[in-house]
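Participant: Just passing along the structure, written as structure tokens.
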Amino acid sequence: MDIAPTERDTIFQNGTADLYRFRPSEGRETDGPPVLLVPSLINRWYVLDLRPGASLVEVLVDKGFDTYCIDWGIPEDEDRFLEWSEVLDRLRRMVSRTRRHAETDELGMLGYCMGGTLCAIHMALHPDDVDSYVSLTAPVDFDEAGKLGRMVDERWFDAEAVAEAGNVHPRQMQSGFTALGPTGQISKWVRLFDRMPDREYLESFRTLETWVNDNVPFPASAYETYISELYQQNRLVRGEHRVRGEQVDLSNIDASLLTIAASADHICPPRAARPLNDLVSSDRTEYEVVSGGHVGSLVGSKGPKQLYPTISEWFEDTLEAA
């Protein structure tokens, strides 16, 4: 299996996190503006570079963008004490190092899933850091979080008690996601059996299964803040979320903004992603719903046809050096 096929260099490390810069394919140049990709904290980064033909990284590099990506790494046991604010500190260092390495003040950024939530908070605190932003299936209004929001409702879910045991293990989180669609596992294997003769489908299935089963722990302290303050109390859209005592005001964001939701997303329903556009102060905001689920919209068959062109064209239109 050719997973994470785009060649890359590690240009910066901070704690468990690495910052990658991707190399252009032979005969091509990355003379365009820099774009930083920010994946979820609890999923491996390479869903953005899953395999040839199903790689957002591949498309951006081929379009000439100077493409960077954060790999949050795998938390150790002692990282149970990593605070939500410290995760945001790491993000700020990654943004600063990307801008310094690219030798430009202009920056495009894409945040996927929880990575997008982190990006929104970062831009509210540091609005001058980013010029163009894509929020990709990233929850902002957690009152609209659907089944996942109901699952962690504070009336029956105690985030503090979960975090007291240490880092939240991937199996704990995966069981929750499975519970959102309990028949999904059966349907998956039935589809595989039906399409056994299709080699391309089998390759896609194997690479995606590798990624799905390669999740990482959620640092306990950061987990408690994320669940209690965002999911249970919805402080972000209410303007009540604070990082090191500083209010996170989403109206501070003035970067060009494209919010993308997926029509069948049970992790981040469109209603959870859409409100970001109403809360920012950006001169240009757009909202688009693509077909598919939370992961399928990104790495499924329609991703290269629908999603990747939308993202690359957005950065071409909104970054001056493109």
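Participant: Return a yes/no flag: does the stretch 297-317 have any residue that is under 26 Å from ARG238 (Cα atoms) and modelled with pLDDT under 95.
Facilitator: Checked against the condition, which is being under 26 Å from ARG238 (Cα atoms) and modelled with pLDDT under 95, the stretch 297-317 yields no hits at all.
Participant: Being touching a residue at least 24 places away in the same chain (Cβ under 8 Å), in contact with a Leu (Cβ under 8 Å, 6 or more places away or on another chain) and not in a helix (DSSP H, G or I) narrows it down to one of THR67, THR117, THR104, so name that one.
Facilitator: The conditions single out THR67.
Participant: Any residue at all in the stretch 105-119 that is surrounded by fewer than 21 Cβ atoms within 10 Å (Cβ to Cβ) and either closer than 14 Å to ALA17 by Cα or polar (S, T, N, Q) (or both)?
Facilitator: Within the stretch 105-119, none of the residues are surrounded by fewer than 21 Cβ atoms within 10 Å (Cβ to Cβ) and either closer than 14 Å to ALA17 by Cα or polar (S, T, N, Q) (or both).
Participant: Can you name the number of the only condition in (1) among the polar types (S, T, N, Q); (2) touching a helix residue (DSSP H, G or I) at 6+ places or on another chain (Cβ under 7 Å); (3) crowded, with 20+ Cβ neighbours inside 10 Å that THR318 fails?
Facilitator: (2)
Participant: Taking only the stretch 41-54 into account, find how many residues are surrounded by fewer than 24 Cβ atoms within 10 Å (Cβ to Cβ), under 15 Å from the mean Cα position of the chain (by Cα) and not in a helix (DSSP H, G or I).
Facilitator: Within the stretch 41-54, residues that are surrounded by fewer than 24 Cβ atoms within 10 Å (Cβ to Cβ), under 15 Å from the mean Cα position of the chain (by Cα) and not in a helix (DSSP H, G or I) number 3.
Participant: To continue, here is another question. Just to be sure, is SER291 at pLDDT below 95 and polar (S, T, N, Q)?
Facilitator: Judged against the criteria, SER291 is a match.
Participant: Go through the stretch 124-175 and give me each residue that's in a helix (DSSP H, G or I), hydrophobic (A, V, I, L, M, F, W, C), modelled with pLDDT of 95 or more and within 22 Å of ARG271 (Cα to Cα).
Facilitator: The answer is ALA124, PHE142.
Participant: Kindly indicate the residue of the stretch 275-315 that is under 16 Å from VAL140 (Cβ atoms) and in contact (Cβ under 8 Å) with a residue 40 or more places away in the chain and also surrounded by the fewest Cβ atoms within 10 Å (Cβ to Cβ) among those meeting that condition.
Facilitator: Narrowing the stretch 275-315 to residues under 16 Å from VAL140 (Cβ atoms): 275-282, 285-289, 294.
Restricting the remaining residues to those that are in contact (Cβ under 8 Å) with a residue 40 or more places away in the chain gives 275-276, 279, 294.
On the way: PRO275: 18, LEU276: 26, LEU279: 20, HIS294: 20.
Step by step, filter the stretch 275-315, then rank; the result is PRO275.
Participant: Let me ask you something else. For the stretch 224-241, enumerate the residues that are within 21 Å of the chain's Cα centre (by Cα) and either surrounded by fewer than 18 Cβ atoms within 10 Å (Cβ to Cβ) or part of a helix (DSSP H, G or I) (or both).
Facilitator: Of everything in the stretch 224-241, those that are within 21 Å of the chain's Cα centre (by Cα) and either surrounded by fewer than 18 Cβ atoms within 10 Å (Cβ to Cβ) or part of a helix (DSSP H, G or I) (or both) turn out to be GLU224, THR225, TYR226, ILE227, SER228, GLU229, LEU230, TYR231, GLN232, ARG235, LEU236, VAL237.
Participant: So which residues in the stretch 55-74 are surrounded by 23 or more Cβ atoms within 10 Å (Cβ to Cβ) and either under 17 Å from the mean Cα position of the chain (by Cα) or modelled with pLDDT under 95 (or both), if there are any at all?
Facilitator: SER55, LEU56, VAL57, LEU60, THR67, TYR68, CYS69, ILE70, TRP72, listed by residue number.
Participant: Kindly indicate which of ALA272, ALA261 is at pLDDT 95 or above, closer than 19 Å to ASP143 by Cβ and not in a helix (DSSP H, G or I).
Facilitator: Working: ALA272 fails: not in a helix (DSSP H, G or I).
After ruling out the rest, the residue left standing is ALA261.
The values are calculated or read from the model by the stated rules, or taken from the named source; none is laboratory data. Since this is a predicted model, take the numbers as computed values, not measurements. Backbone-built Cβ (ideal geometry, glycine too); neighbour counts: all protein chains shown.
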